[in-house]
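Written out below as structure tokens is the structure these notes cover.
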Amino acid sequence: MAKPAKVLLNVPAIKADFPILQRTVRDKRLVYLDSAATSQKPKQVIDATSDFYSRYNANVHRAIYELGEESTREYEGAREKVAAFIQAKSAMEIVFTKSTTESINVVAYGYGLKGKIEKGDEILGTVMEHHSNHVPWHFVKDHKGAVLKYVDVNDDGTLKMEQYDALLTNRTKIVTVTLCSNVLGTINPVKEIAKRAHEVGAICVVDAAQAAPHMPIDVQSLDADFLAFSGHKMLGPTGIGVLYGKPDLLEATEPLLGGGEMIREVHLGWAKWNDVPYKFEGGTPNIAGAIGLGVAVDYLTTIGMDAVRGHEMEVTEYALEKLARLKGVQTYGPRDVTKRAGVVSFTIDGAHPHDIASILDVEGICVRSGHHCAQPLMERFNLPATARASFYVYNDLDDVDALVAGIKKVQEVFA
Amino acid sequence: MPDLRELYQDTILDHSKRPRNFREIADASATAVGHNPLCGDRVTVYLRLDDGTIADVSFVGQGCAISKASASLMTDAVKGKSKSEAHGLFERFHKMVTARPGDPVDTSLGKLAVLSGVCEFPVRVKCASLAWHTLEAALERKQETVSLE
């Protein structure tokens, strides 16, 4: 596969697809720089979800009538699209959940807590994980007596790979790592991490919440055992998430939710579960969400994930250069844009991130401030909070310029 | 449109950069810790009570300009007040920062009125009230950390 070239997309044409980007905030042009929290939605996705409700709303998998056939076809079609998007071998390796968080919980509960993990088994994470890839593993520690260990990060925001090697032993049963940090933007060498995990007989769980929206993903090349991501960060609706798993591992994982849809037969006191992936989809699923996600996948595929990545490298490079020129502004994470995504955490001397975000808000600029659900990482860098700008396909260099002008305004206020 | 100069006016910036009573009290009769997990702000309030009157009050901690300025202004405002006077002040202060923009500001709040602009920024109300909630806990001698979620 050719390396993504740093070429900007036709942003005005893309922006025209996003109704929300036509509005103003506090009488200013909306400059949305918080896609790492949630992305905006193109009208194609919005229309697809409303189309489901207005034209063929019916429950999936059970209805005998035409509407139900249509809804099932579209829902399962979305599963096919998601499978192709991440190069899965089959749509049967794709479980729909409500979020990355739920996906990781399914693995921690069904494979860890109810499955393979025994007292003393080790689960190896990293200090740069989002809370959603920390807390589910705490449950496994608390209920099964698993031992949790963590790989630290270098000051430049990359993982300490030599420490990873030292911590990885035949006691390690699960390695769990984010493909891309939601604070530092670091893209971790997951292919290498998974390879070394497999050498000691551990499985590798990948949090792709920040990666799937922004770069090409090939689960077969990564050799990931489980991989989780969310629809809402990749132009799709909220409330729909994905868990990819290798078929034998999904078989070995117990379901988190019991109920309708996930069963083959139910008797008083016992039940037989449905096949993978349906055994994980108890209850009526988020049908409109899945269909919307399928259309988001279409949208991204039309642009091309290499092109998405190339665009974001260019915007991120420009932002890092501009911010480096501002006195009193620090950025975090790798400087090399081939090793990082378009997530730029920054601090300004003398200004608390909350004040930064408030002042930028008055300029119509949306950035996040706080600990970004990564408190262990913030402690590692001894930071109570940072401000964070994150980019996507609808951001151009003008948005970065607006951010830079806003930062200068913050500095004026706190001069 | 909310005015930034209203939120970050000179008095607020002055109190955030040079907070008053920013120190520990060695012989404090009560202390309490306040924490806003959303932004990582932490404040510890120290009290020396003399016959039900706040003889001395101070704070230490880290936080945004609004939370620091509010803590600083609070310590100035409640020094020499009785417990119930301090409580009454907090009630009126809270009413002011959660008022509808444009509502008349309670003139009895004195210098605290500089924070009235916070009502234009609802997400910042917790910043402005963290020190006050912590003061309340210290007055009631609650030991646990006050957490504003």
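The values are calculated or read from the model by the stated rules, or taken from the named source; none is laboratory data. This one's a predicted model, so the numbers in the text were calculated from it and none came from an experiment. In this analysis, Cβ positions are derived from the backbone assuming ideal geometry, glycine residues included, and neighbour counts consider all displayed protein chains. What goes into the accessible areas is simple: the full protein's heavy atoms, side chains included, and nothing from ligands, DNA or RNA. Shrake-Rupley method; radii C 1.70, N 1.55, O 1.52, S 1.80 Å.
Looking at (1) out of contact with any Leu (no Cβ under 7 Å at 6 or more places or on another chain); (2) at pLDDT 95 or above, which is the one condition that is false for A:S103?
With (1) out of contact with any Leu (no Cβ under 7 Å at 6 or more places or on another chain); (2) at pLDDT 95 or above applied to A:S103, the lone miss is (1).
Taking A:K28, is it open to solvent by less than 70 Å² (accessible area, probe 1.4 Å), at pLDDT below 95 and under 30 Å from A:V362 (Cα atoms)?
On the way: open to solvent by less than 70 Å² (accessible area, probe 1.4 Å): yes; at pLDDT below 95: yes; under 30 Å from A:V362 (Cα atoms): yes.
It is true that A:K28 is open to solvent by less than 70 Å² (accessible area, probe 1.4 Å), at pLDDT below 95 and under 30 Å from A:V362 (Cα atoms).
Return yes when A:L113 is within 25 Å of the chain's Cα centre (by Cα) and either open to solvent by 20 Å² or more (accessible area, probe 1.4 Å) or charged (D, E, K, R) (or both) and no when it is not. Reasoning before the result, please.
Working: within 25 Å of the chain's Cα centre (by Cα): yes; either open to solvent by 20 Å² or more (accessible area, probe 1.4 Å) or charged (D, E, K, R) (or both): yes.
Yes; evaluated as a whole, the condition is true for this residue.
Only one residue in B:L73, B:L38 is away from chain A (no Cβ under 14 Å) and either surrounded by 16 or more Cβ atoms within 10 Å (Cβ to Cβ) or within 24 Å of A:E379 (Cβ to Cβ) (or both). Which one?
Numbers: B:L38 fails: away from chain A (no Cβ under 14 Å).
Among B:L73, B:L38, only B:L73 is away from chain A (no Cβ under 14 Å) and either surrounded by 16 or more Cβ atoms within 10 Å (Cβ to Cβ) or within 24 Å of A:E379 (Cβ to Cβ) (or both).
Need the failing condition index for A:T347 against (1) assigned to a helix (DSSP H, G or I); (2) farther than 22 Å from A:T178 by Cα, just the number.
Only one criterion is unmet by A:T347, namely (1).
When the residues of the range B:25-47 are narrowed to those that are outside any strand (DSSP E or B) and not hydroxyl-bearing (S, T, Y), which ends up modelled with the lowest pLDDT?
Within the range B:25-47, the subset outside any strand (DSSP E or B) is B:25-29, B:37-40.
With the extra rule that they be not hydroxyl-bearing (S, T, Y), the set shrinks to B:25-28, B:37-40.
Values: B:I25: 96, B:A26: 93, B:D27: 92, B:A28: 93, B:P37: 77, B:L38: 73, B:C39: 70, B:G40: 74.
Selected residue: B:C39.
For the range A:367-385, name all the residues that are open to solvent by 40 Å² or more (accessible area, probe 1.4 Å) and more than 9 Å from chain B (Cβ to nearest Cβ).
Step one: of the range A:367-385, the residues open to solvent by 40 Å² or more (accessible area, probe 1.4 Å) are A:368, A:373, A:375-376, A:379-382, A:384.
Matches in the range A:367-385: A:R368, A:C373, A:P376, A:E379, A:R380, A:F381, A:N382.
Is it fair to say A:K6 is at pLDDT below 95 and closer than 26 Å to A:S345 by Cα? Give the derivation first.
Working: at pLDDT below 95: yes; closer than 26 Å to A:S345 by Cα: yes.
Considered against the rule, which asks whether it is at pLDDT below 95 and closer than 26 Å to A:S345 by Cα, A:K6 comes out as yes.
Pairs only if they're at least six apart or on different chains, beta carbon under 7 angstrom, first in the range A:72-85 and at negative phi and touching a residue at least 12 places away in the same chain (Cβ under 8 Å), second open to solvent by 30 Å² or more (accessible area, probe 1.4 Å) and part of a helix (DSSP H, G or I); list them, first residue then second.
A:K81/A:D298; A:F85/A:T301
A:F346 versus (1) within 12 Å of chain B (Cβ to nearest Cβ); (2) open to solvent by less than 10 Å² (accessible area, probe 1.4 Å); (3) of a type in the set (A, V, I, L, M, F, W, C): which is the lone unmet condition?
(1)
Sort out which residues of the range A:183-204 are outside any helix (DSSP H, G or I) and closer than 14 Å to A:L222 by Cα, and write them in order of number.
Of all residues in the range A:183-204, those outside any helix (DSSP H, G or I) come to A:183-189, A:200-204.
A:I187, A:N188, A:P189, A:I203, A:C204, listed by residue number.
What residue, of A:P237, A:P255, is of a type outside the set (F, W, Y) and closer than 30 Å to A:N10 by Cα?
Selected residue: A:P237, the only one of A:P237, A:P255 that is of a type outside the set (F, W, Y) and closer than 30 Å to A:N10 by Cα.
Among the numbered criteria (1) more than 12 Å from every other protein chain (Cβ to nearest Cβ); (2) open to solvent by less than 30 Å² (accessible area, probe 1.4 Å); (3) closer than 27 Å to A:T24 by Cβ, which one does A:I359 miss?
(1)
Identify all residues within the range B:98-128 that are surrounded by 13 or more Cβ atoms within 10 Å (Cβ to Cβ) and more than 14 Å from chain A (Cβ to nearest Cβ); write none if there are none.
The answer is B:T98, B:A99, B:V105, B:D106, B:L109, B:L112, B:A113, B:V114, B:S116.
Could you check how many residues of the range B:41-70 are more than 14 Å from every other protein chain (Cβ to nearest Cβ), on the phi > 0 side of the Ramachandran plot and in contact with a strand residue (DSSP E or B) (Cβ under 6 Å, 6 or more places away or on another chain)?
Residues meeting the conditions: 1.
Out of A:T302, A:T338, A:T316, which single residue is in a helix (DSSP H, G or I) and without any contact (Cβ under 8 Å) to a residue 12 or more places away in the chain?
Numbers: A:T338 fails: without any contact (Cβ under 8 Å) to a residue 12 or more places away in the chain; A:T316 fails: without any contact (Cβ under 8 Å) to a residue 12 or more places away in the chain.
Every option except A:T302 fails the conditions.
Out of curiosity, is A:E76 surrounded by fewer than 21 Cβ atoms within 10 Å (Cβ to Cβ) and either closer than 24 Å to A:Y244 by Cα or touching a Lys or Arg at 6+ places or on another chain (Cβ under 9 Å) (or both)?
Numbers: surrounded by fewer than 21 Cβ atoms within 10 Å (Cβ to Cβ): yes; either closer than 24 Å to A:Y244 by Cα or touching a Lys or Arg at 6+ places or on another chain (Cβ under 9 Å) (or both): yes.
When the stated conditions are applied, A:E76 passes them.
Is there any pair linking a residue in the range A:158-171 that is open to solvent by 50 Å² or more (accessible area, probe 1.4 Å) to one that is of a type in the set (S, T, N, Q) and outside any helix (DSSP H, G or I), with Cβ under 8 Å and at least six apart or on different chains, and which?
What qualifies is A:K160/A:N154.
Looking at A:A212, A:A224, A:A202, can you tell me which residue is surrounded by 24 or more Cβ atoms within 10 Å (Cβ to Cβ) and either within 12 Å of the chain's Cα centre (by Cα) or hydroxyl-bearing (S, T, Y) (or both)?
On the way: A:A224 fails: either within 12 Å of the chain's Cα centre (by Cα) or hydroxyl-bearing (S, T, Y) (or both); A:A202 fails: either within 12 Å of the chain's Cα centre (by Cα) or hydroxyl-bearing (S, T, Y) (or both).
Only one candidate passes the filter, namely A:A212.
Of the numbered conditions (1) in contact with a helix residue (DSSP H, G or I) (Cβ under 6 Å, 6 or more places away or on another chain); (2) of a type in the set (A, V, I, L, M); (3) within 14 Å of another protein chain (Cβ to nearest Cβ), A:A91 fails exactly one; give the number of that condition.
(3)
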